[in-house]
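A.B. asks: Here it is: the structure, laid out below.
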Amino acid sequence: MKLYLIQHGLAIAKVEDPERPLSTEGKAQTQRIAEYLKSRNIKVDAIWHSTKLRAVQTAEIIAEALTCRETQARDDMNPLDTVEKLPEEILASNKDIMIIGHLPFLQKLADRLLAGSEESKIIAFKNSGVVFLDYAEEWKIDWLISPEHM
């Protein structure tokens, strides 16, 4: 089972637009990451993302590049939402999943999966960055990439 965790692309400031859509730079970075994933022939069964505009836009760019037809906007993936039940849901799905969301939500999820604690801060997430986790008998980091590496 494969799991890709992606922090949404760079968004404009809340004072400019309270909805916080992706900035021009955020769209460009996300597009570069999407093309990179496509070039690596990454396939996922589903993309789960938060309902916040910046995550929705990030998911749309990536879903189009990967031709993923199953996308699901979820209201339980906001920045401060709990991750308590998500590890079991991911395993029960038996799918390769991409989750596009926010900090600290993604940080807590990665920490729970990799260390069993939500406070480990094992991974430093970046806007539009991708963390690829693989599951055999436990979750392990396979690779990670951010726009700065492109």
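A.B. asks: Only one of (1) assigned to a loop (DSSP other than H, G, I, E, B); (2) within 28 Å of Ser93 (Cβ to Cβ) is not met by Arg20, so which one is it?
C.D. replies: Single failed check for Arg20: (2).
A.B. asks: Looking at (1) buried (at least 17 other Cβ atoms within 10 Å of the Cβ); (2) within 19 Å of Lys126 (Cα to Cα), which one does Val44 not meet, given that it meets all the others?
C.D. replies: Val44 satisfies all of (1) buried (at least 17 other Cβ atoms within 10 Å of the Cβ); (2) within 19 Å of Lys126 (Cα to Cα) except (2).
A.B. asks: Here is a further query. Which of the residues spanning the stretch 134-148 are closer than 10 Å to Leu113 by Cβ and not acidic (Asp, Glu)?
C.D. replies: Tyr135, Trp139, Lys140, Ile141
A.B. asks: Which condition does Glu70 not pass, out of (1) charged (D, E, K, R); (2) surrounded by 17 or more Cβ atoms within 10 Å (Cβ to Cβ); (3) in contact with a strand residue (DSSP E or B) (Cβ under 6 Å, 6 or more places away or on another chain), if it passes all the others?
C.D. replies: (2)
A.B. asks: Could you list, in sequence order, the residues of the stretch 98-150 that are buried (at least 16 other Cβ atoms within 10 Å of the Cβ), part of a strand (DSSP E or B) and of a type outside the set (Phe, Trp, Tyr)?
C.D. replies: Answer for the stretch 98-150, where residues must be buried (at least 16 other Cβ atoms within 10 Å of the Cβ), part of a strand (DSSP E or B) and of a type outside the set (Phe, Trp, Tyr): Met98, Ile99, Ile100, Gly101, Asn127, Val130, Val131, Leu133, Leu144, Ile145.
A.B. asks: Six or more apart or on different chains, Cβ atoms under 6 Å: show the pairs whose first residue is in the stretch 119-143 and among the acidic types (Asp, Glu) and whose second is loosely packed, with under 14 Cβ neighbours inside 10 Å and part of a strand (DSSP E or B).
C.D. replies: Qualifying pairs under 6 Å: Asp134/Lys140; Asp134/Asp142.
A.B. asks: A further question follows. Can you find a residue in the stretch 64-79 that is under 23 Å from Ala124 (Cα atoms), in contact (Cβ under 8 Å) with a residue 12 or more places away in the chain and among the β-branched types (Val, Ile, Thr)? Full working, then the answer.
C.D. replies: Filtering the stretch 64-79 for residues under 23 Å from Ala124 (Cα atoms) gives 76-79.
With in contact (Cβ under 8 Å) with a residue 12 or more places away in the chain added as a condition, the list becomes 77-79.
From what is left, the residues that are among the β-branched types (Val, Ile, Thr) are none.
Within the stretch 64-79, not a single residue is under 23 Å from Ala124 (Cα atoms), in contact (Cβ under 8 Å) with a residue 12 or more places away in the chain and among the β-branched types (Val, Ile, Thr).
Laboratory data are not the source of any read-out in this text; all were calculated from the coordinates shown. Keep in mind that this is a model prediction, so the values were computed, not measured. FYI the Cβ positions are ideal-geometry reconstructions off the backbone, even for glycines, and counts take in every protein chain you see.
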